[in-house]
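What follows is a short report on a single structure.
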Amino acid sequence: MRLLIANGYLIDPTQGVNGGKDLFIEDGRVAGLLARGEGVPESAEVFDATGLVVAPGFIDLHTHLREPGQEYKETIETGASAAIAGGWTSVCAMPNTDPVNDNPAVTRFVIEQAEAAGLANVFPVGAITKNSEGRELAEMGEMKRAGVVAVSDDGRSVPSAGVMRRAMEYARGFDLTVVDHCEDRTLAGGGVMHEGSWSLRLGLRGSPALAEELDALRDCALAQLTGARLHLAHVSTRGALEAVRRAKERGLAVTCEVAPHHFTLSDEAVRDYDTNTKMCPPLRSLEHIEAILDALRDGTIDAIATDHAPHHADEKALEYDHAPNGITGLETAVGLAFDRLVHEGVVNLERLVELCSVNPAKIFSLADRGTLRPGARGDVTILDPDLEWTFDASRSKSKSRNTPFDGWTMRGAAVATVVGGRLVYRRAEESLATSY
């Protein structure tokens, strides 16, 4: 299998490449970067990327694929299909399935289902504690041997500092990153949106920013004590970002991600009680959005992750207080990042590639990814920064439609996705492409 991606504008921060280069992939791996017009290697298929940006494959650190146990919301195949349609060559599957991914059998199942689908790469994330109940540590070593790339009780913060300390010490021994959903539930108090002026106006119970910030401060302190690698999921508040910033200044192995909805929508979006604006952490006030934008500019935020959380329509049709948290995000994340970050001058294209590819690969130690160096995996995201398009949720590749972005027009999108040297998605065809 030989593929030449020709005439594109190639961006690879790992090599300091930012300009016109052709990319040659052979047998699933990068064979080299060629000068523009150097020629077509013998028997290679050619993808003409004129006017497009060619980047190392985008990696989503935070995806909920629901399988096993909740296949009515999403399956590994449908989630992977949504991923490649959104430009993500790899997704990291969170463990809050049914049963929870807290053992090697579930880990192997996820990997096998992903291989059978043959679409995006799927890297399982194992649970920190058994059944994600926050009490007894899961068998991290066995899960690591089975294929997990990190551990998390995502959707639930580890409530005990003592358990979290032991988890970090244990994970460090297996060279695993610990990912935490920061939320002190005793402070959150069952809140269904951000605590502030809008929660008062709407008569909805609010969750204060401090509920996230206290856990973030605790986790950073424990990272200093244990020397573990810590990654904070979907950071949404000024105080949590400041905790990460200070941890980085102290040289700690602390990273964080932000989800596009948290830099796109504020808590005012809840005003119509649309349950597609209900998520955890909740949409925050404008001051927190400004803090996120500042942290994207100064490098405090390491990654953009979708937090893709599909739910059945009947579940989201409940009253706001009772509807589940979460929205789909795999197909809108790149468009929102272009629209709200690149075209508004918050970050440039090279920084976007770092946030979506280079840094995620480093955070979870995904070897030979996040780069287009010779020998690296042939995973490529091809982007059109100026494409104007409208998201139609009814045509989503995901099994679920719970999104506040239905009907949104955006500028910029992924237009083709290459996984292991195979063109698995091309936007113009609106279908999975035949493998080379």
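Search region 194-204 for residues being within 18 Å of His322 (Cβ to Cβ) and of a type in the set (Gly, Ala, Ser), and hand back the single one that is surrounded by the fewest Cβ atoms within 10 Å (Cβ to Cβ). Result: Gly203. Say whether the condition of being part of a loop (DSSP other than H, G, I, E, B) and over 22 Å from Ala243 (Cβ atoms) is met by at least one residue in region 165-174. Yes.
Criterion applied to Asp379, Asp368 was being closer than 24 Å to Ala93 by Cα and more than 17 Å from the chain's Cα centre (by Cα), and the one residue passing it is Asp368.
Taking the criterion of being in a loop (DSSP other than H, G, I, E, B) and either within 24 Å of the chain's Cα centre (by Cα) or of a type in the set (D, E, K, R) (or both), the residues of region 180-201 that qualify are His181, Cys182, Glu183, Asp184, Val192, Glu195. So, in region 397-436, of the ones that are aromatic (Phe, Trp, Tyr) and surrounded by fewer than 18 Cβ atoms within 10 Å (Cβ to Cβ), which residue ends up modelled with the highest pLDDT? If we take residues in region 397-436 being aromatic (Phe, Trp, Tyr) and surrounded by fewer than 18 Cβ atoms within 10 Å (Cβ to Cβ), then Trp408 is modelled with the highest pLDDT. List every residue pair whose Cβ atoms sit under 7 Å apart, with the two residues 6 or more apart in sequence or on different chains, where the first one lies in region 31-43 and is among the polar types (S, T, N, Q) and the second, anywhere, is at pLDDT 90 or above and crowded, with 16+ Cβ neighbours inside 10 Å. Qualifying pairs under 7 Å: Ser43/Arg2.
With Ser207, Ser236 as the choices, which residue is buried (at least 23 other Cβ atoms within 10 Å of the Cβ), of a type in the set (S, T, N, Q) and within 24 Å of Lys362 (Cβ to Cβ)? Going through Ser207, Ser236 in turn, just one is buried (at least 23 other Cβ atoms within 10 Å of the Cβ), of a type in the set (S, T, N, Q) and within 24 Å of Lys362 (Cβ to Cβ): Ser236.
Restricting attention to region 253-275, the residues that are touching a strand residue (DSSP E or B) at 6+ places or on another chain (Cβ under 9 Å) and surrounded by fewer than 20 Cβ atoms within 10 Å (Cβ to Cβ) total 2.
The residues of region 6-20 that are touching a residue at least 24 places away in the same chain (Cβ under 8 Å), part of a strand (DSSP E or B) and not hydrophobic (A, V, I, L, M, F, W, C), listed by number, are Tyr9, Asp12, Asn18.
Number of residues in region 22-39 that are modelled with pLDDT under 95, part of a strand (DSSP E or B) and of a type in the set (Lys, Arg) equals 0. Listed by position, the helices (runs of 4 or more DSSP H) inside region 281-355 whose residues that are over 28 Å from Arg66 (Cα atoms) number at least 3 are 286-298, 349-353.
Across region 371-391, what is the total count of residues that are surrounded by 24 or more Cβ atoms within 10 Å (Cβ to Cβ) and farther than 13 Å from Val334 by Cβ? Going through region 371-391 one residue at a time, the tally reaches 5.
Only one entry in Leu222, Leu252, Leu204 is modelled with pLDDT of 95 or more, in the same structural domain as Pro324 (by TED's automatic domain parsing) and in a helix (DSSP H, G or I), namely Leu222. In this structure, is Ser394 surrounded by fewer than 17 Cβ atoms within 10 Å (Cβ to Cβ), at pLDDT 95 or above and of a type in the set (S, T, N, Q)? Here the answer is yes, as Ser394 does meet what is asked.
Of all the numbered requirements in (1) more than 23 Å from Thr78 (Cα to Cα); (2) buried (at least 24 other Cβ atoms within 10 Å of the Cβ); (3) in the same structural domain as Thr275 (by TED's automatic domain parsing), Ser357 misses one, and that requirement is (1).
The values are calculated or read from the model by the stated rules, or taken from the named source; none is laboratory data. Computed from a predicted structure; not experimentally measured. Every residue, glycine as well, gets a Cβ built from its backbone with ideal geometry; the counts of neighbours run over all protein chains shown.
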